[in-house]
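Take a look at the structure below.
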Amino acid sequence: MAAKSDGGGGGPAVRLESPGGGGGGGGGGGGGGGGTRREAAGVASPPSRRYRLRDGCWVLGALLVCFADGASDLWLAAHYYVRGQRWWFGLTLLFVLLPSLVVQLLSFRWFVYDFAAGSTKGSAGSTKDSARGPRGCCRLCVWLLQGCIHLLQLGQVWRYLRTLYLGLQSRWQAEHRRRHFYWRMMFESADISMLRLLETFLKSAPQLVLQLSIMVQQNSIEPLQGLSASASLISLAWMIASYQKVLRDSREDKMPMSYKGAIVQILWHLFTIAARAIAFALFASVFQLYFGIFIVTHWCIMTFWIIQGETDFCMSKWEEIIYNMVVGIIYIFCWFNVKEGRSRYRMCIYYVITLSENAALTALWFLYYNRETTSDFDALILVCVVSSSFALGIFFMFIYYCLLHPNGPMFGPHAGGCIFRQQPAPAPGSPADAVTSPPRSLPRTTGGEREGAPGDRDSCVPVFQVRPCAPTPPAARAPRTEGPVIRIDLPRKKYPAWDAHFIDRRLRKTILALEYASPTTPRLQYRTAGVSQELLEYETTV
């Protein structure tokens, strides 16, 4: 039988193959229920990646940025109220509460499904610690606690703390429990990254533009305004880099991003978003109506561009459309890769458009600004700030791609540090889509498999050579072909989309149940084109 990962509808079939034929019972599926099938396989299981102290420090830094962003905005709103500036107070508070309510509702919805699914019969190994969910008064206490946390708008704080707890537990527990906690920590990291990315671009981005516009109109910068704008800007840059890092860490077919690369990426987005926001604020201080028309037009064009690219992020068509609309909001402020292949060309097109828009907005403001409140020298300084900030952002972007990109240098005649490119021969008998350790799930792709992207550094000869020579045969990194396998009757999504077991919570719950019941680390194997009908004969709905 195959455990159905979707609820009542017919979802992807999932089964666990373990050594020795039958084995013990596996965990149940989602709302629709299901079973598992275990078949013979090999016996090896490599250790999963360990949680490091720097990972915990990164989570604490993200939590501090989250606190600073929200607290500074509320403090500034109270400051406006005390001074009788009710219009600024209302707008500041609106951009704090409305996005927070949307994100809290989404977070609580995820909790409701995870907790309710974790407490049903046969849901061992769900997102809770024990194989069986808490009962009676304990369940009631959990519901009340989570309800209070989300009513107080602290859902993201709770998830950050839970991520830190799961990561530390993965360091302290025994081998099998350590792997289980690490897998759950990656799921929680993916959740908080998505939630915070949505919140920052619904809350921090408009808040940044609003406070900068107020500063320009008042021709002065108050300490609280500067603090709020700085916190919003840092939050935006941090979350883009953090999201990309967690996404790369979750996929075995991509090299993980180093913390040096993440910091440089923060600086890249920090300066480009700062230039963009200042240009918006200058233009909005003079042309309020036309600024609104410009924002809506830019969002429509970017959303159409994204939809035309046929992204593959969500599990349904309507969710994909909503996702594209949200990414369109992100494209108002900065670049965000949503599709594999030729991303450098799309990024160049985006930044040419952004540079043109920034120049046009700033030039229009410079021609029509109020010369009674702003001197020509101050206006010239603001124009220089916009241009120099954008130039600094592009400089750090080149630093990231030339020195710190996970795949190696991306520019130049021998991108990726390779003179000769040769695809490693796959290990005999190993499936191409097998996952070696949870939740990083597939062997890394080589340079020949990425469109316009370099291969791994391990498969390259040195860049500097005295004279041309034949390429050294690369050492093939054979994926593990032994041990239990969780087979998923779905094609694998391409980067930069999340794998289906991170997006589909029913599938995630089923995989956690099977992983918890397995004595060794299982591999994930998605459906390939050649075996699309292989799993259908095992599928049974209970």
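Mind listing the long-range amide H neighbours of residue 486? Cut-off is under 5 Å, sequence gap 5 or more, other chains count too, H placed in the peptide plane at 1.01 Å from N.
Those lying under 5 Å, H to H, from residue 486 are 17, 523, 524, 525.
How much solvent-accessible surface does residue 301 expose, in Å² to the nearest 10, with a 1.4 Å probe and all protein chains in place?
Estimated to the nearest 10 Å², residue 301 gives 100 Å².
Per-residue HN-Hα couplings for region 376-381, Karplus 6.51 cos²θ - 1.76 cosθ + 1.60 at θ = phi - 60°, whole Hz, x for Gly and Pro?
Running phi through 6.51 cos²θ - 1.76 cosθ + 1.60 with θ = phi - 60° gives 5, 5, 5, 5, 5, 4 Hz.
Return the sequence-ordered ³J(HN,Hα) values of region 506-512 in whole Hz as given by the Karplus equation 6.51 cos²θ - 1.76 cosθ + 1.60 applied to θ = phi - 60°, using x for Gly and Pro.
3J(HN,Hα) across region 506-512, in whole Hz: 5, 5, 4, 4, 5, 5, 4.
What is the dipole size for region 260-373, taken about its Cα centre, with +1 at each Lys and Arg Cβ and -1 at each Asp and Glu Cβ, in debye to the nearest 20?
300 debye
I need the shape label for region 306-382. Rule: rounded when a/c is under 1.5, else prolate if a/b > b/c, else oblate, with a, b, c from the alpha carbon gyration tensor.
Values: a/c = 4.60, a/b = 2.56, b/c = 1.80.
Note, shape of region 306-382 comes out prolate.
Say the cut-off is 23 Å between C-alpha atoms; which of 260/509; 317/493; 260/494; 245/494; 317/494; 254/493 go over it?
With Cα atoms farther than 23 Å apart: 260/509; 260/494.
Seen from all sides and averaged, what is the projected area of the convex hull of the Cα atoms in region 256-311, in nm²? Display every interim value, and only then the final one.
Working: hull surface 21.4 nm².
Answer in nm², one decimal: 5.3.
At 1.4 Å probe radius, can you tell me the per residue accessible area of region 141-294 in Å²?
32 Å²
Stick to Cα atoms and the Kirkwood definition of Rh, then tell me Rg/Rh for region 172-243.
Here the Rg-to-Rh quotient is 1.27.
The values are calculated or read from the model by the stated rules, or taken from the named source; none is laboratory data. For clarity, every value in this text was computed on a predicted model and none was experimentally measured. Note: ideal-geometry Cβ built from the backbone for every residue, glycine included; neighbour counts use all protein chains shown. Each accessible area value is taken on the protein alone, full model and side chains, heavy atoms only, with ligands, DNA and RNA left out. Shrake-Rupley method; radii C 1.70, N 1.55, O 1.52, S 1.80 Å.
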